[in-house]
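Worksheet for the structure shown next.
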Amino acid sequence: MNVDLNGRKAMVVGAEFEAGGAIALALAEAGADVAVCAIQPDESVLRSRKAKRAIEAMGRRSAEYVMDVMLGRNVQVTTRQVAKEMGGLDLVVSAGELPLEAPLDKITETDLARVVALNFSSHLFVIRSAASEFARNEERDGSRGQLLLVTRDRTGSAGMAAVVGAQAGALQLVREAGREFAASAIQMNGLSVAPAASTEAITAAALGLTVREATGEVVEVA
């Protein structure tokens, strides 16, 4: 797909995951400068750093961060830092997840809290923080911001009921946030990615949403 994102500034949260990393590279290939954020300070950082190097090899600007998406304040502060260092933000992707396998009768309260935090609340924090940055853009020059929420569909997978429930909430959040943002210069959409979806299908769907006028739409990627 021929999409021109030259001059755009993007941030991908959860760039260490397959979908997030693929989208980060696709945005860079389309011309955007892309900051990548890992959501956990472990080997995830190495994977997001690999994405950063690949983006820079294309001649695009990049930067890497670790964002504790379980804390709304940390998401807000890191997003503000990214916007300052990248020279603004036009497009933000939230692609983090926690695919914790645990039957409902075995999942602990601690694990349930993490499932909800990483598969639902983290997306809300990213959306809210990005919206604040986009509001700055609108006040400054009237430009539009774009938000994309990405989940890996775990429906039907054994021991994933809690994860699937949290993801369903996140996708409904896309629809409701799209309605809430409809009167502003913010576009909010989502991707629900099937387990066997190819990176080509994921990136094509993500780039396709950047050129559409739809908001509050969830696209299923098979």
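Laboratory data are not the source of any read-out in this text; all were calculated from the coordinates shown. A quick note: this is a predicted structure, and the numbers were derived from the prediction, not measured. When we count neighbours, we look across all protein chains shown, and the Cβ atoms used for this are built from the backbone with ideal geometry, even at glycine.
The table that follows gives values for the structure above.
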read-out	value
Longest segment of the chain lacking GluC sites (Glu not before Pro) that sit in a DSSP loop with at most 15 other Cβ atoms within 10 Å	102-212
GNM flexibility winner over the chain from L89, L98, L191 (Cα, springs under 10 Å)	L98
Footprinting exposure proxy for M11, M70, M58 (fewest neighbouring C-beta atoms within 10 Å first)	M58, M70, M11
Neighbour-count ranking [beta-carbon atoms within 10 angstrom, fewest first] of S143, S44	S143, S44
The chain - convex hull of alpha carbons, volume per residue in Å³	110
Geometric extent, Cα atoms of the stretch 1-95 - Rg, Dmax (angstrom)	12.0, 37
Gain on full stretching of the segment that runs from A168 to S132 - 0.36 nm per residue minus C-alpha separation	10.5 nm
MRE, 222 nm, helices only [DSSP H, n ≥ 4, -39500 (n - 2.57), over the chain, to nearest 500]	-15000 deg cm²/dmol
Trypsin sites (Lys or Arg not before Pro) lying in DSSP loop within the stretch 174-222, provided at most 13 other Cβ fall within 10 Å	R212
Total charge dipole magnitude, the stretch 9-221, about the Cα centre, Cβ charges on Lys, Arg, Asp, Glu only, Debye to nearest 20	420
Estimated FRET transfer efficiency (T110, R175; beta-carbon r; R0 30 Å; 0.05)	0.50
Candidate lysines - alpha carbon under 23 Å from K84, same-chain residues fewer than 8 apart omitted	K9, K50, K52
Highest-MSF residue in the chain out of F181, F17, F120 [GNM, Cα springs under 10 Å]	F181
Virtual spin-label span in nm between K84 and A117, 7 Å along Cα→Cβ	2.6
Packing-based exposure ordering (other Cβ within 10 Å, fewest first) of K50, K9, K106	K106, K50, K9
The stretch 152-222 - percent relative contact order, Cα under 8 Å, separation 6 or more	37
Length-normalised contact order of the chain in % [C-alpha pairs under 8 Å, at least 6 apart]	19
